[in-house]
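Down below is the structure, laid out as structure tokens.
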Amino acid sequence: MPKANDLNIELIQQALAALPGPCHIHVGYSGGLDSTVLLHLVYEWWQQQSGGWPPLQAIHINHQLQADAERWQTHCVRLCQQWGIPCYSESIVVDTAESSLEQQARLARYRVFREQVKPGEVLLLAHHRDDQVETLLQRLARGSGPLGLGAMAQSHDQQGFAIVRPLLECDRAELEIYARQRGLSWIDDPSNQDETIERNFVRRQLLPLWRSLHPRLNQTLARSARLARESAELLDELAQLDRGDTRPDGGLSLERLLPLNPARRHNLLRFWLRSLGIQPPSEVILGRIVAEVALAAADAQPQVSWGDCSVRRFQGVLHGMDRPLPEAGGTLIPFANLEQSIPLPWGRLRTSGGKVPISRQALVGKELKIGFRNGGERLSLPGRPAKALKDLFLEAGVPPWLRGLWPILYADGEIACLPGLWVCEGYAPRAADDQIQFFWERTESAQD
């Protein structure tokens, strides 16, 4: 039987001990039992810190999927006011047309987390051991490998900030005892009763029967998850060795991939795709990447796609993307302020960080716009005869799929430069104080 005193503020202290501090702490707060217990533990720990330091904030996300969602939002805001905890609350729209509502809600939720939690800060989430076991079984049913079977990590980095789960070694029954003994109030989500949702079926039908035969099932399955995660970490270390130094363009050299046996090839491909923020595909797709892209003829321009993701090859290097390429050309983007960066389809145009300077004076007074390749463009580079942009891209080793995305700066309708590549005749700076350097800060992943 769980003991109420197993849950105390030491869990919070231990969870934060490995982090550089003090730092801003955020708590994901849905209003349910789990997050209410977590927020109360953090609140009690926080009260013992000097002067309410470090800063604390609860984050409540209203998914608007239940009739009482507005009432739950009000409950969460009021409880935070009662405890003196700042609360950020946001209503979001979840795409209910997608096949997995649970996954779409999670993606929408994490978008808010990434907006609210800044690099160097920490987000505490209330997942517990029952959640870990359910996740393990769901992923086992999907045929996941060691990384997936490792389920949730106690702590990990998410785009510069830390996600920590202080309750991951606690059972839900412990949380309920803690909450009842302290008179805490929480919200019961009626969707948790819907057994057509896989997680609820596992929780309500499968696990109670299994636990009747194995009372320590939570502990043993959670241990399996930890061991699987350790194996996944070792496989990542092997993939690091197989990949070698990370290329500046994020690509994967075939010289590193092809000498490996099939198992290590697949391991390296999965690791490389995850490093780009791309969810690795099935074994079948991985096999196609090797056979149809990596081993294609030297003069081919092969690619394998799954969903919005794709892997392509150029000059002996694999490149991965998680978005479809936009159409070439498109609307010209006005560029009135030379000092201001502007958003582009894949990244931003910045006015610092480039290596090919352009004359500021040559641009002053002209109508400036950013455009993209339509085909047939010719460039007159200083001291060289005019040449087709297509041929210049080929000389510079620019992959074919980037050629239609590369921003082109037009001044009064003529091409002035391609940031980071070339400056045209008449736009080269004549003095050091006449220079400005445009830089295309490219993002190859939609998550960047």
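The values are calculated or read from the model by the stated rules, or taken from the named source; none is laboratory data. Treat the numbers as computed from the prediction; the structure is a model and nothing was measured. Note that each Cβ is placed from the backbone with ideal geometry, even for glycine, and that neighbours are counted across all protein chains shown. Each accessible area value is taken on the protein alone, full model and side chains, heavy atoms only, with ligands, DNA and RNA left out. Shrake-Rupley method; radii C 1.70, N 1.55, O 1.52, S 1.80 Å.
Using the Karplus equation 6.51 cos²θ - 1.76 cosθ + 1.60 (θ = phi - 60°), what ³J(HN,Hα) coupling, rounded to whole Hz, does each residue of the range 351-367 give in order, writing x for Gly and Pro?
Calculated HN-Hα couplings, in order: 9, 7, x, x, 10, 10, x, 10, 6, 5, 4, 5, 9, 4, x, 9, 7 Hz.
Determine which aspartates and glutamates satisfy two conditions relative to LYS369: a Cα distance under 15 Å, and not lying fewer than 8 residues away in the same chain.
Counting by Cα, and skipping residues close in sequence, LYS369 has these aspartates and glutamates nearby: GLU339, ASP412, GLU414.
Out of the range 267-356, which chymotrypsin sites (Phe, Trp or Tyr not before Pro) are coil in DSSP terms and have no more than 10 other C-beta atoms within 10 Å?
Numbers: sites: PHE271, TRP272, TRP306, PHE314, PHE335, TRP346; in loops: PHE335, TRP346.
Counting only loop positions with at most 10 other Cβ atoms within 10 Å, none of the chymotrypsin sites (Phe, Trp or Tyr not before Pro) in the range 267-356 qualifies.
Taking every pair of Cα atoms in the range 245-320, average 1/r, invert it to obtain the Kirkwood radius, and report Rg/Rh to two decimals.
Numbers: Rg = 11.2 Å, Rh = 12.3 Å.
A ratio of 0.91.
If the cut-off is a Cα-Cα distance under 13 Å, which aspartates and glutamates reach LYS387, setting aside same-chain residues fewer than 8 apart in sequence?
Within reach: GLU377, GLU395, GLU425.
Between CYS170 and residues 5 or more places away or on another chain, which pairs have amide H atoms under 5 Å apart, with H built 1.01 Å from N, and which residues are they?
Those lying under 5 Å, H to H, from CYS170 are ARG129.
So for the range 1-90, averaging the separation of alpha carbon pairs under 8 Å that are six or more residues apart and normalising by length, what relative contact order in percent results?
Here the relative contact order equals 29 percent.
Over the chain, calculate the relative contact order: mean separation of alpha carbon pairs under 8 Å at least 6 apart, over the residue count, as a percent.
Details: 671 pairs, mean separation 49.3, N = 448.
It comes to 11 percent, rounded to a whole number.
Report Rg (one decimal) and Dmax (nearest whole number) for the range 316-372, counting Cα atoms only, units Å.
14.4, 44
Answer rounded, prolate or oblate for the range 30-167, using the Cα gyration tensor with square roots of eigenvalues a ≥ b ≥ c: rounded when a/c is under 1.5, else prolate when a/b is larger than b/c, else oblate. Spell out each step's value before the answer.
Working: a/c = 1.82, a/b = 1.30, b/c = 1.40.
Here the range 30-167 falls in the oblate category.
With a Förster radius of 25 Å, plug the Cβ-Cβ distance of ALA141 and ASP308 into 1/(1 + (r/R0)^6) and report the FRET value to the nearest 0.05. Walk me through the numbers before you get to the answer.
Working: r = 25 Å, r/R0 = 1.00.
Computed FRET efficiency for ALA141 and ASP308 comes out at 0.50.
Would you kindly state how much longer the chain becomes between ARG216 and GLU283 on full extension, computed as 0.36 nm times their sequence separation minus their alpha carbon distance, in nm to one decimal? Mind dumping the intermediate values first?
Values: separation 67, 0.36 × 67 = 24.12 nm, distance 3.39 nm.
Result for the pair: 20.7 nm of gain on full extension.
Helix-derived [θ] at 222 nm for the chain: sum -39500 (n - 2.57) over DSSP H runs of at least 4, divide by residue count, nearest 500? Don't jump to the answer; show the numbers that get you there.
Values: 16 runs with 159 residues, N = 448.
Rounded to the nearest 500, the figure is -10500 deg cm²/dmol.
Just to verify a number: FRET efficiency for ALA263 and ARG360, C-beta to C-beta distance, R0 = 60 Å, to 0.05? Let's see the in-between values first.
Values: r = 55 Å, r/R0 = 0.92.
The formula returns an efficiency of 0.60 here.
Can you match mean projected area of the Cα convex hull in nm² to one of these, [x] 22.9; [y] 27.0; [z] 20.2, based on a calculation from the structure here?
Calculated mean projected area of the Cα convex hull in nm²: the matching label is [y].
Amide H neighbours of ALA58 under 5 Å, counting only residues 5+ apart in sequence or on other chains, H built in-plane at 1.01 Å?
Here the answer is VAL27, CYS87, TYR88, since their amide H atoms fall under 5 Å of that of ALA58.
Starting from the amide H of CYS417, placed 1.01 Å from N in the peptide plane, find each other amide H under 5 Å away whose residue is 5 or more places distant or on another chain.
Residues meeting the amide H criterion: LEU409, CYS424.
Which whole-number percentage describes the relative contact order of the range 45-102, with Cα contacts under 8 Å and a sequence gap of 6 or more?
Relative CO of the range 45-102 lands at 38 percent.
Please arrange LEU38, LEU260 by accessible surface area, largest first, computed with a 1.4 Å probe and ligands excluded. Provide the component values of the computation, followed by the final result.
Details: LEU38 0, LEU260 25 Å².
Largest accessible area first, the residues go LEU260, LEU38.
Rounded if a/c is under 1.5, else prolate if a/b beats b/c, else oblate: with a ≥ b ≥ c from the C-alpha gyration tensor eigenvalues square-rooted, which is the range 344-448? All intermediate terms of the calculation are to be shown ahead of the outcome.
Working: a/c = 1.67, a/b = 1.20, b/c = 1.39.
Since a/c reaches 1.5 but b/c is at least a/b, the shape of the range 344-448 is classed as oblate.
Checking understanding here: applying a Kyte-Doolittle mean of at least -1.0 and a length along the axis of at least 30 Å (C-alpha), which whole DSSP H helices in the chain pass?
Details: long enough: 217-243 (38 Å, -0.47).
Result, helices passing both filters: 217-243.
Spit out the partnerless Cys residues in the chain, using Cβ distances under 4.7 Å as the pairing rule.
CYS23, CYS76, CYS170, CYS309, CYS417, CYS424
From the Cα gyration tensor of the range 92-241, with a ≥ b ≥ c the square roots of its eigenvalues, which class applies: rounded if a/c is under 1.5, or else prolate if a/b is larger than b/c, or else oblate? Working shown, then result.
Details: a/c = 1.33, a/b = 1.10, b/c = 1.21.
Rounded, because the longest to shortest axis ratio a/c is under 1.5.
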